[in-house]
Amino acid sequence: MRQSHLFTKTRKSAPKDEVSKNAQLLIRAGYIHKEMAGVYSYLPLGLRVLTRIEQVIREEMDAIGGQETKMATLHPSENWKQTGGWDNVDVLFKLMSRTEKEYALGQSEEEIVTPIGQEYASSYKDLPVAIYQIGQKYRDELRAKSGIMRGREFGMKDMYSFHETQDDFDRFYGIVKEAYFKVYSRCGLDAKVTEASGGAFSEKFSYEFMVLTDAGEDDIVYCEKCTHCANVEVSSQKEGDTCPKCSKGELKSAKAAEVGNVFDLGQKYPKAFNFTFKTNDGTEQYPVMGCYGIGTTRLMGTVVEVLSDDKGIVWPKEIAPYRVHLIGITGGNKDVAAEADKLYDHLQENGIEVLYDDRDARAGEKFADSELIGIPTRIVVSEKTMQEGGVEVVERTTGTAAFIQDSGIIEYFQK
Ligand SMILES: [Zn+2]
């Protein structure tokens, strides 16, 4: 992509009412556009990042047997009345049509997926099954001050599973947990998992996946010696306590952002829709249901909060909008511009995705924009590098610069 063709531009400051770091940086760099509190549009660079995050999640859900769907987001009110959610879920957006028919905007899909599961799973032979989607969700939030980490409209991967027994749900939860850790690791985050009460969703309990960041809304305690982690809101554990899991470490407290959750829903929704299956011995039984969420836009916001520095965003390679930011410092020299053009084509021919700053702008402006946008590797072509037969390569994460001969450029990205 030639930056001279990109319709978005960087800006010096974010809107005055935008208080969150993630949205400030993403707006300044041209990734998102703020429509109102808690609602953002995703612009070309932002959509590329979001699509990559979705693809990471898709790959990990497919790998554990999840089957992707696209469920409706405009829901019949009847389904929500059947589960009691119509009156009990305070964040549910409700709409009325001109014929005075009522609808809900999806904030979760139990009311839709349970009847779907019911239609196709009538026997124990049809179970277990895990159904997921990646799409838009809506929540009537009273406050939306966390940028894209808490939106009134937001992106979400939500998966739902149906099982013959509680044991089988517990087994599958263990598999999902490992898949979730792979997702976070591929997105450059170090996550912890905590057990918590399930709130309005659940008869039983939930698991929350947490990433340490001061931008988070949760207070947690965690052990540095093992994986133990607990949400302070639901636990009597506090900083300085001996870890209840390993008995070796001392608990530390921190702010954390929830980047995923798993709800053990028990038989609540199957009971609400009278969804039963025939067991091996011929009796009818309600399946045990699980719900597994990862907020895709929230994950993107968390990555920005955790990995940015004072110059701008720092994207991990797997979810960066482009692999390389190629910068031509031509100073009006046509030979340098031609050399940068040639390298742009050469990188793309080798499958390396490039944002090419071919704009007629000062070097300082190009470098500052590059730091703000946060693409992992910057390549600089200038009169000086041309004379030396190569390019300057700078890694955004470490700031380390190296001179690479023209002949070694592709190899640099393949290693
Ligand atoms: Zn411990």
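The values are calculated or read from the model by the stated rules, or taken from the named source; none is laboratory data. Please read all numbers here as calculations on a predicted model, not as lab measurements. All Cβ positions, glycine included, derive from the backbone under ideal geometry; neighbour counts span all protein chains shown. Just so you know, the surface numbers come from the protein's heavy atoms only, side chains and all, with ligands and any DNA or RNA stripped out. Shrake-Rupley method; radii C 1.70, N 1.55, O 1.52, S 1.80 Å.
Over the residues of the chain, the helix contribution to mean residue ellipticity at 222 nm works out to -9000 deg cm²/dmol, using -39500 (n - 2.57) for each DSSP H run of at least 4. Working note: Karplus 6.51/-1.76/1.60 with θ = phi - 60° gives segment 340-354 the couplings 5, 4, 5, 5, 4, 5, 4, 5, 5, 4, 9, x, 9, 7, 10 Hz, where Gly and Pro are set to x. The amide H of ASP358, built 1.01 Å from its N in the peptide plane, has GLN3, SER4 as neighbours under 5 Å, considering only residues 5 or more places off or on other chains. When only alpha carbons are used to place a centre, segment 374-399 and segment 55-78 end up 41 Å from one another. Temperature 25 °C, viscosity 0.890 mPa s: under these conditions the Stokes-Einstein estimate for segment 21-307, based on its Kirkwood radius over C-alpha pairs, is 123 µm² per second.
Helix 296-307 axis versus longest C-alpha principal axis of the chain: approximately 50°, rounded to the nearest ten. Taken per residue, the accessible surface of segment 21-307 reaches 44 Å², heavy atoms only and a 1.4 Å probe. Taking the longest Cα principal axis of the chain as reference, the axis of helix 44-63 is set at about 50 degrees.
Close amide-amide hydrogen proximity is noted between ARG396 and THR377, ARG378, each under 5 Å apart and 5 or more residues distant or on a separate chain (H modeled in the peptide plane; Pro and chain starts excluded).
Assuming charge only on the beta carbon of Lys and Arg (+1) and of Asp and Glu (-1), the dipole of the chain about its Cα centre is about 780 debye to the nearest 20. Using a 4.7 Å Cβ-Cβ cutoff, the cysteines of the chain lacking any partner cysteine are CYS187, CYS229, CYS291.
For PHE205, the residues whose amide H sits under 5 Å from its own are ASP264, ignoring neighbours fewer than 5 places away on the same chain, with H placed 1.01 Å from N. Rounded to the nearest 10 degrees, the angle from helix 110-120 to the longest Cα principal axis of the chain is 70 degrees. To put it simply, the accessible area of segment 21-307 at a 1.4 Å probe is 47 percent carbon and sulfur.
Charges were assigned to the Cβ only: +1 to each Lys and Arg, -1 to each Asp and Glu. The resulting dipole of segment 201-268 about its Cα centre is roughly 320 debye. Structure note, pairs LYS16/LYS94; LYS70/LYS255; LYS177/LYS317; LYS145/LYS182: Cα-Cα distances above 25 angstrom occur for LYS16/LYS94; LYS70/LYS255; LYS145/LYS182. Assuming a viscosity of 0.890 mPa s and a temperature of 25 °C, what translational diffusion coefficient in µm² per second does Stokes-Einstein assign to segment 322-414, Rh being the Kirkwood radius over Cα pairs? So the translational diffusion coefficient is about 188 µm²/s.
Charges were assigned to the Cβ only: +1 to each Lys and Arg, -1 to each Asp and Glu. The resulting dipole of segment 322-414 about its Cα centre is roughly 200 debye.
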